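Below is one structure; the comments refer to it alone.
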Amino acid sequence: MSQLTRKAFLRQGLLTAGAATFGGVVPSLANAADDPLDGERLHRDVRDLCAFGPRRTGTDAEHGASAWVAERLRAAGIPVSLVPYPFRRWRLDGWAVELAAGSAGREVAPFPQSVATHPIWGTRPAAGEADLVYVGLGTKQELDRHDLRGKAVLVDGKVLLNVFATYSADGYVYWNAAQRGAVAMFATSDAPGNLVRMIGMGRNELDANPIPAFTVGRQDFAKLRSAARAGGARIRYRLDAAFLDGVTHDVVATLPGAKTDRDGLVACAHVDSMFTGALDDATGIAGLIGLAHHFARLPARRRPKPMTFLAVNGHDTGFPHLGVRHWADANPAQVARLGGFCTLDHLAGIAAEDLPDGRLWRHSGDEERLLLISDNALLYGMVAQVATRHRLFPAIPAPEPLAEANPDLEGLMVRRGVPAVNMTMAYPWYHTPEDTPDKIPPAQLGRCVRAYADLLDAMQRMPVGLIRRAERTPRPVSRD
């Protein structure tokens with residue numbers, strides 16, 4: 001089944017299921033200018049946050065953006081704290097990559113040839129020139145075929161659902177290539193055209209990261225692969241970066257509960273981004289602000305439990321050391337009593353298929369969405385209902401933390417016993433310079449934020465003891 005046919009099949013099947021569950025009636029969406037969940041109003045916050053530019057953790061742009069988020073939350077009439085804390089920062093100053101030589105005796109363009117790249121987050125600064133060796137997908141068998149000492153490795157692969165790079169899980173290829181003596185790594189970014197996607201590594205040892213690593217635009221990657229296969233390819237690289245102590249922030253807004261100051265709920269999104277970051281995660285921050293304003297306006301009887309609206313940093317530019325980790329470590333008693341945690345990450349975007357011939361095919365539906373849910377039957381049922389009601393399709397349920405999509409956000413909370421969910425998606429421009437506000441449909445954004453509002457409302461009415469007893473202990477993750 002082709003990818004296009006598969007997506008159409010999923011969409012039709014899930015919409016049919018939704019019609020059966022809700023009698024085919026989808027609630028009309030309010031469009032009033034003063035409605036905090038209105039898509040156009042949410043989109044204005046997306047644009048305003050993106051105007052700060054790249055919001056790398058610890059930079060002036062991030063500091064300004066975090067302060068802006070705090071003010072937008074205060075406007076809901078909720079007490080807000082802007083909490084600074086120290087961390088180990090990676091500062092990127094510049095880089096360059098060139099194909100320095102190709103196969104002798106072949107007719108080639110003059111050298112050196114510039115290569116479209118972006119450093120993989122947090123890898124070691126260095127400069128040099130080395131023979132380029134193509135290692136396929138970077139499996140153990142493929143790495144074992146080559147003497148990698150003093151070589152630069154070229155790693156192929158796919159970025160599944162536009163997010164999960166096959167070569168980046170736990171940093172397997174990076175660390176194994178370095179242990180075999182490689183001096184640099186270059187991996188496909190698997191983004192449209194020659195766009196370069198920034199991908200992080202699951203295992204990031206900061207100052208102890210041994211070699212520089214880059215992602216490469218798809219078209220230039222094909223050029224490098226051909227050169228490496230032909231033999232005689234050499235690549236020249238320079239990465240100017242530094243590890244230094246920095247400061248970032250948690251933004252914490254707390255809405256008291258009408259009946260208790262215990263057993264609360266948390267909605268969380270991240271401020272930081274490598275590029276403009278409209279999808280990732282200005283949509284989530286806009287949703288967080290909209291939800292704070294929405295719940296602050298509700299009658300007290302509708303929100304018996306306290307609610308925390310939490311904006312964190314270091315998910316994209318600090319992974320996996322930051323995210324929600326600082327707030328959770330600073331508030332262990334609150335975490336132990338939480339009735340639920342919602343991550344708002346990648347809420348809405350234009351749906352597009354990246355076709356094999358290099359073209360993008362856009363359509364009017366939604367992108368495939370992952371429903372990342374802890375192993376909790378009650379929570380799963382609530383998520384399925386709101387996803388159906390607000391047409392968040394096609395959707396693929398995925399258990400956390402087994403999926404390990406965000407071990408610094410909902411994955412961390414699940415490991416601490418908190419029922420958690422993340423209804424996320426990503427389009428082909430994810431983590432590229434083309435992740436811009438014009439690709440965020442306001443109506444789709446409004447649908448997703450309303451789904452979170454309905455979910456949080458249902459969690460308000462669910463006894464904490466009941467939903468926490470339904471939470472199953474995470475099982476160890478097997479890498480076999």
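Can you find even one residue in the range 70-82 that is more than 30 Å from Leu322 (Cβ to Cβ) and touching a residue at least 12 places away in the same chain (Cβ under 8 Å)?
No, the range 70-82 contains no residue that is more than 30 Å from Leu322 (Cβ to Cβ) and touching a residue at least 12 places away in the same chain (Cβ under 8 Å).
Evaluate the range 85-98: report whether one residue or more is part of a helix (DSSP H, G or I), of a type outside the set (Lys, Arg) and either surrounded by 14 or more Cβ atoms within 10 Å (Cβ to Cβ) or in contact with a Gly (Cβ under 9 Å, 6 or more places away or on another chain) (or both).
No, the range 85-98 contains no residue that is part of a helix (DSSP H, G or I), of a type outside the set (Lys, Arg) and either surrounded by 14 or more Cβ atoms within 10 Å (Cβ to Cβ) or in contact with a Gly (Cβ under 9 Å, 6 or more places away or on another chain) (or both).
So, in the range 336-363, of the ones that are more than 30 Å from Arg262 (Cα to Cα) and small (Gly, Ala, Ser), which residue ends up modelled with the lowest pLDDT?
Selected residue: Gly358.
Hey, any hits in the range 358-365 for a residue that's loosely packed, with under 15 Cβ neighbours inside 10 Å, free of Cβ contacts under 8 Å to residues at least 12 places away in the same chain and in a loop (DSSP other than H, G, I, E, B)?
Looking through the range 358-365, at least one residue is loosely packed, with under 15 Cβ neighbours inside 10 Å, free of Cβ contacts under 8 Å to residues at least 12 places away in the same chain and in a loop (DSSP other than H, G, I, E, B).
Just to be sure I understand, how many residues within the range 162-183 are over 18 Å from Phe214 (Cβ atoms), polar (S, T, N, Q) and either assigned to a loop (DSSP other than H, G, I, E, B) or touching a strand residue (DSSP E or B) at 6+ places or on another chain (Cβ under 8 Å) (or both)?
1
Yes/no matrix, rows are residues, columns are (1) farther than 18 Å from Met201 by Cβ; (2) touching a Lys or Arg at 6+ places or on another chain (Cβ under 9 Å); (3) in the same structural domain as Asp354 (by TED's automatic domain parsing); (4) at pLDDT 95 or above:
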residue	(1), (2), (3), (4)
Pro110	yes, no, no, no
Val115	yes, yes, no, no
Trp121	no, no, no, no
Pro125	no, yes, no, no
Leu132	yes, yes, no, yes
Ala152	no, yes, no, yes
Lys158	no, no, no, no
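For Arg325, work out the one condition from (1) within 30 Å of Lys158 (Cβ to Cβ); (2) at pLDDT 90 or above; (3) in contact with a strand residue (DSSP E or B) (Cβ under 8 Å, 6 or more places away or on another chain) it doesn't fulfil.
Among (1) within 30 Å of Lys158 (Cβ to Cβ); (2) at pLDDT 90 or above; (3) in contact with a strand residue (DSSP E or B) (Cβ under 8 Å, 6 or more places away or on another chain), Arg325 violates only (3).
Given the residues Val216, Val183, which is the only one that is within 22 Å of Ala426 (Cα to Cα), crowded, with 20+ Cβ neighbours inside 10 Å and at pLDDT 95 or above?
Residue meeting the stated conditions: Val216.
For every residue, the table says whether it meets (1) surrounded by 19 or more Cβ atoms within 10 Å (Cβ to Cβ); (2) touching a Gly at 6+ places or on another chain (Cβ under 7 Å); (3) β-branched (Val, Ile, Thr); (4) in the same structural domain as Gly64 (by TED's automatic domain parsing).
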residue	(1), (2), (3), (4)
Lys259	no, no, no, yes
Gly264	yes, yes, no, yes
Ser273	yes, no, no, yes
Leu288	yes, no, no, yes
Arg303	yes, yes, no, yes
Thr308	yes, yes, yes, yes
Asn313	yes, no, no, yes
Val324	yes, no, yes, yes
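One line per residue, one yes/no per condition, for (1) assigned to a loop (DSSP other than H, G, I, E, B); (2) closer than 22 Å to Trp429 by Cβ; (3) touching a Ser or Thr at 6+ places or on another chain (Cβ under 8 Å); (4) among the charged types (D, E, K, R):
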site: Arg203; (1), (2), (3), (4): yes, no, no, yes
site: Ile211; (1), (2), (3), (4): yes, no, yes, no
site: Phe221; (1), (2), (3), (4): no, yes, yes, no
site: Phe243; (1), (2), (3), (4): no, no, no, no
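(1) surrounded by 20 or more Cβ atoms within 10 Å (Cβ to Cβ); (2) in contact with a His (Cβ under 8 Å, 6 or more places away or on another chain); (3) farther than 20 Å from Gly77 by Cα: which one isn't true of Asp190, the others all being true?
Result: Asp190 passes all but (2).
Residue under question is Val271, and the condition is that it be among the β-branched types (Val, Ile, Thr), closer than 30 Å to Arg303 by Cβ and in contact (Cβ under 8 Å) with a residue 12 or more places away in the chain; does it hold?
Yes: the conditions hold for Val271.
Within the range 317-340, which residues are assigned to a helix (DSSP H, G or I) and either out of contact with any Lys or Arg (no Cβ under 8 Å at 6 or more places or on another chain) or not basic (Lys, Arg) (or both)?
Result: Arg325, His326, Trp327, Ala328, Asp329, Ala330, Pro332, Ala333, Gln334, Val335, Ala336.
Can you tell me which residues in the range 134-161 are under 28 Å from Pro356 (Cβ atoms), touching a helix residue (DSSP H, G or I) at 6+ places or on another chain (Cβ under 9 Å) and part of a helix (DSSP H, G or I)?
Once the filter is applied, which keeps residues that are under 28 Å from Pro356 (Cβ atoms), touching a helix residue (DSSP H, G or I) at 6+ places or on another chain (Cβ under 9 Å) and part of a helix (DSSP H, G or I), the range 134-161 yields only Leu143.
Considering Glu71, Glu129, which residue is acidic (Asp, Glu), closer than 30 Å to Ala292 by Cβ and either touching a Leu at 6+ places or on another chain (Cβ under 7 Å) or not in a loop (DSSP other than H, G, I, E, B) (or both)?
Result: Glu71 is the single residue among Glu71, Glu129 that is acidic (Asp, Glu), closer than 30 Å to Ala292 by Cβ and either touching a Leu at 6+ places or on another chain (Cβ under 7 Å) or not in a loop (DSSP other than H, G, I, E, B) (or both).
Which members of the range 390-424 meet the condition of being in a helix (DSSP H, G or I) and surrounded by fewer than 24 Cβ atoms within 10 Å (Cβ to Cβ)?
Correct list: Leu412, Arg415.
The values are calculated or read from the model by the stated rules, or taken from the named source; none is laboratory data. Owing to the predicted nature of the structure, the values given are computational and were not obtained by experimental measurement. Counting neighbours? That spans all protein chains shown, and the Cβs are built from the backbone with ideal geometry, glycine included.
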